[in-house]
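Structure, as structure tokens:
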Amino acid sequence: MNKTKSKFKFTNESVDPQMISDMDKLSEMSDEVILSICDSIFQLFTNTSLKITDSIEKLAKIHSLNSSTLTSPFRGALFFFNLSLKKKLMPSSIKKDLETFGLSEDISQKISDKWKTNFISLSRIIGHQTLNVNRLIDMDWRFGVTASSDDLSSIGSTYLQLKFIIDNESGQSNKKYEVEGLHVELDLPQFYDFLTEMQKANNTLQLFLK
């Protein structure tokens, strides 16, 4: 069966072959691992302080698996539940889609039961987390050293100035975007904190680009 052309409830479009591959790998996991992946994803939805990579590593330790083995099935399930939540799918639709992906009727029923139990809290949280994000068009930066200041302790300290050029378009399709420059100045410790967060974001992005 060509799953890319199968009729799913969680999307009106053809399913990407990469997601098909990820969900195939999910179906090959034991029921215990599959249910753990689902629980971990629901926790990610309800606790934004949790990291995807940390969740995968934690599951790997619990089930004595290599984290790379869990990356694809975790990614597939995460996309599936995220899109399903946006469409507010009923448990019966979750079960049907999982079966179409190749999961057994028994494990699909167990997952749909978990979905039913968590659905209200998940929907409420996702609703609060809906944001409009401005598109980053370009950025500029320069380092500097404080030559003079009322605070003697700051003289000679290194700082970084960042300029983010963002698309400030209002969302109306008939209106061209308006660029806006946002200026930020960071001292050296703040810059390293910023760099660390960007590296974490890049690691998460690379997880979904594999």
Square roots of five times the C-alpha gyration tensor eigenvalues of the range 19-77, ordered largest first and given in whole Å, equal 17, 13, 10
Any lysines whose Cα falls less than 20 Å from that of K9, other than same-chain ones fewer than 8 residues away, would be K86, K87, K88, K95, K96, K110, K114, K116
Applied in sequence order to the range 71-83, the curve 6.51 cos²θ - 1.76 cosθ + 1.60 (Karplus, θ = phi - 60°) yields integer Hz couplings, x standing for Gly and Pro, of 4, 5, x, 5, 4, x, 5, 5, 4, 4, 5, 5, 5
Taking 188-198, 44-54 and ranking on average Cβ neighbours within 10 Å, highest first, one gets 44-54, 188-198
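Where a number appears in this text, it was derived from the coordinates with a stated rule and is not lab data. This structure is a prediction, so every number in the text was calculated from the model and none was measured. With ideal geometry, Cβ positions are generated from the backbone for all residues, glycine too; neighbour counts draw on all protein chains shown.
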